[in-house]
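Heads up, the thing below is written out as structure tokens.
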Amino acid sequence: MKNSLFFYPLFALLFAPVFAFAQWSPNTTSTLSSIHREGSVGIGLEESPYARLHVRQEIRPTLPGQEVGFIPTLRLHRDVNTGSWQDGTYTWDFFANEALGIYAGDGTTSSLAMFIRSTGVDVAGQRLKLGYGGTTSEDNMTIGYGNSLNGHYITFNGTYGEGLWQGPNGKAVIHSYEDGSLFFLTQPAGGSIGPGENRRLSIRPEGTVIVGDSEQDQTLSISARTNPILRFNRADTGTDYEVLNNSDGDLEFRGGTDGEGTDLSTNMLLKANGRLLIGTTENPSDLNGGETDISDYRLYVEGGILTKEIRVREIWADYVFDDDYELLSLNQVKDHIDEYGHLHNTPSAEEIDRQGLELGGMMVNQQEKIEEIFLHLIELNDKLASLQQENQSLRKQLKAARR
């Protein structure tokens, strides 16, 4: 019995390495497997393993003239038979080539799933999905390249297929184009986005920035279909301001306190023809039923204008002092007033009421009358001086006669 107790430990000491070696040896007679005393494991090696687990990839035997094949360094294998669409064999193979290649297959064929290179990661189909956390496969971020798009893209909650970004949830897309353009797209839940659609922000290679979906050449262009182009809101006061391009093609400025923008009054309107209306949306082009054309006037203000200074450029009335100017005599002026009830070459009160007053023209007209008055005053002054001189001479003659 004592001999037996001695024999068993001796047996285990002698044959345990053999059993351990056998567990790591392949089914062939190869001896290229080893477990080292310090804990490193080598598979398919002729030398000591360099890492704790060191596996050498083998070349698959091929016929002469054929390409050299490689046995995967690592294969993960699973057979599934559940009576559903998941039935089948699934394999994942890892190859160590110029990059770490990961292939997926069904046991007979496989295709590339991912390359991990020293310079980056290549994903099969040029598509990388990150951050999946929703209830469908479209709740993710996708980085990819679309041939029909001629550029790369990043999508959130959407996948690209059949020429569309699609998926059941709301989507946001950042899309580059081969000409250097960068587009930002959005789409509500349940819809899809085609190439060139739903561009909310575009940056062109030359620096043009487009907010909206229109194609413009200006440095910054903002467009909207039905919504205001700009909206300013102070939440604490409820005061809102909007700027929009309305359905008539005019630039409209609204303001008020409705909080929604639907009942804001129009404070100013810049017409497409260049006319600016303040305090009104009326756009008069004539007065008194077409008697006076005012279509060339660019500014119309309802309620009056208060200003510190107005500068008007106009041809001034110095022509009154020209030698060939026909100055009416005071008798002629009197006759005109008696007959027409206003100064000559001056609009009447009825005309002003009917046609309005041209500020520049009226100032010239008034200056003309002032200069005419001065000419009459100069003439009267000359006559007065002559009469004074004549009166003084007559006084001397009368004085001499009395002596």
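Looking across the stretch 310-352 at every residue that is within 50 Å of the chain's Cα centre (by Cα) and not aliphatic (A, V, I, L, M), the one that is nearest to residue 300 (Cα to Cα) is identified as 311. Screening 264, 287 for residues that are modelled with pLDDT under 85, under 30 Å from residue 228 (Cβ atoms) and among the aliphatic types (A, V, I, L, M) leaves exactly one candidate, 264.
When the residues of the stretch 285-303 are narrowed to those that are assigned to a strand (DSSP E or B) and aliphatic (A, V, I, L, M), which ends up farthest from residue 269 (Cα to Cα)?
Going residue by residue through the stretch 285-303, those that are assigned to a strand (DSSP E or B) are 286-287, 292-293, 299-301.
Filter once more, so that each one left must be aliphatic (A, V, I, L, M): 287, 299, 301.
On the way: 287: 20, 299: 10, 301: 11 Å.
In this case the residue turns out to be 287.
When the test is whether a residue is surrounded by 13 or more Cβ atoms within 10 Å (Cβ to Cβ), basic (Lys, Arg) and part of a helix (DSSP H, G or I), residue 369 passes it. Among the conditions (1) closer than 24 Å to residue 273 by Cα; (2) touching a residue at least 12 places away in the same chain (Cβ under 8 Å); (3) not in a strand (DSSP E or B), the only one that residue 226 does not satisfy is (2). Here residue 306 does not fit the description of being more than 30 Å from residue 376 (Cα to Cα), at pLDDT 90 or above, under 45 Å from the mean Cα position of the chain (by Cα) and surrounded by 10 or more Cβ atoms within 10 Å (Cβ to Cβ).
When you scan the stretch 337-356, do you find a residue that is surrounded by 12 or more Cβ atoms within 10 Å (Cβ to Cβ) and at positive phi, even just one?
So the first thing to find is which residues in the stretch 337-356 are surrounded by 12 or more Cβ atoms within 10 Å (Cβ to Cβ), and the list is 337, 342-344, 346-348, 351-352, 354-356.
Okay, now just the ones that are also at positive phi, so 356.
Among the residues of the stretch 337-356, at least one is surrounded by 12 or more Cβ atoms within 10 Å (Cβ to Cβ) and at positive phi, which makes the answer yes.
Would you mention how many residues in the stretch 31-62 are at pLDDT 70 or above and assigned to a loop (DSSP other than H, G, I, E, B)?
Applying the first criterion (at pLDDT 70 or above) to the stretch 31-62 yields 35, 38-60.
Now drop any that are not assigned to a loop (DSSP other than H, G, I, E, B), which leaves 38-40, 44-52, 56-58.
Looking only at that region, the number is 15.
Quick one: in the stretch 285-298, which of the residues that are open to solvent by less than 90 Å² (accessible area, probe 1.4 Å) and either over 21 Å from residue 352 (Cα atoms) or hydroxyl-bearing (Ser, Thr, Tyr) (or both) is farthest from the chain's Cα centre (by Cα)? Here the answer is 292.
Check the stretch 82-92 and report whether any residue there is at pLDDT below 85, part of a strand (DSSP E or B), among the polar types (S, T, N, Q) and over 30 Å from residue 42 (Cα atoms). No, because not a single residue in the stretch 82-92 is at pLDDT below 85, part of a strand (DSSP E or B), among the polar types (S, T, N, Q) and over 30 Å from residue 42 (Cα atoms). Being open to solvent by less than 90 Å² (accessible area, probe 1.4 Å) and either free of Cβ contacts under 8 Å to residues at least 12 places away in the same chain or out of contact with any strand residue (DSSP E or B) (no Cβ under 9 Å at 6 or more places or on another chain) (or both) holds for only one residue in 243, 301, 320, and it is 320. Among the residues of the stretch 63-81, those identified as hydrophobic (A, V, I, L, M, F, W, C), modelled with pLDDT under 90 and open to solvent by 50 Å² or more (accessible area, probe 1.4 Å) are 63, 68, 70, 71. Among residues of the stretch 345-368 that are over 16 Å from residue 293 (Cβ atoms), those with a Cβ under 8 angstrom from a residue that is aromatic (Phe, Trp, Tyr) and surrounded by fewer than 15 Cβ atoms within 10 Å (Cβ to Cβ), sequence gap 6+ or separate chain, pair up as 348/340; 364/316; 367/316.
Restricting attention to the stretch 324-336, and to residues there that are of a type outside the set (Lys, Arg) and assigned to a helix (DSSP H, G or I), which single residue is most open to solvent (accessible area, probe 1.4 Å)? Steps first, please.
The first filter runs over the stretch 324-336 and keeps only residues of a type outside the set (Lys, Arg), leaving 324-333, 335-336.
Filter again for assigned to a helix (DSSP H, G or I), leaving 330-333, 335-336.
Numbers: 330: 88, 331: 112, 332: 90, 333: 25, 335: 93, 336: 41 Å².
It comes out as 331.
Out of all the residues in the stretch 93-104, is one or more among the charged types (D, E, K, R), within 30 Å of residue 55 (Cα to Cα) and either at pLDDT below 80 or out of contact with any helix residue (DSSP H, G or I) (no Cβ under 8 Å at 6 or more places or on another chain) (or both)? Checked the stretch 93-104: at least one residue is among the charged types (D, E, K, R), within 30 Å of residue 55 (Cα to Cα) and either at pLDDT below 80 or out of contact with any helix residue (DSSP H, G or I) (no Cβ under 8 Å at 6 or more places or on another chain) (or both).
Under 8 Å between Cβ atoms, at least 6 apart or on separate chains: pull out the pairs that start in the stretch 200-217 with a residue that is closer than 22 Å to residue 171 by Cβ and open to solvent by less than 40 Å² (accessible area, probe 1.4 Å) and end on any residue that is modelled with pLDDT of 80 or more and of a type in the set (Gly, Ala, Ser). Listed by first residue and then by second, the contacts come to 202/181; 210/202; 210/221; 212/221; 214/221.
Is the stretch 112-123 home to any residue that is touching a Gly at 6+ places or on another chain (Cβ under 7 Å) and at pLDDT below 85? Checked the stretch 112-123: no residue is touching a Gly at 6+ places or on another chain (Cβ under 7 Å) and at pLDDT below 85.
The values are calculated or read from the model by the stated rules, or taken from the named source; none is laboratory data. Just so it is clear, the structure is predicted and the values come from calculations on it, not from any experiment. So basically every Cβ, Gly included, is an ideal-geometry build from the backbone, and we count neighbours across all protein chains shown. Ligands, DNA and RNA are stripped out before the accessible areas are found, and what is left, the full protein with its side chains, is counted by its heavy atoms. Shrake-Rupley method; radii C 1.70, N 1.55, O 1.52, S 1.80 Å.
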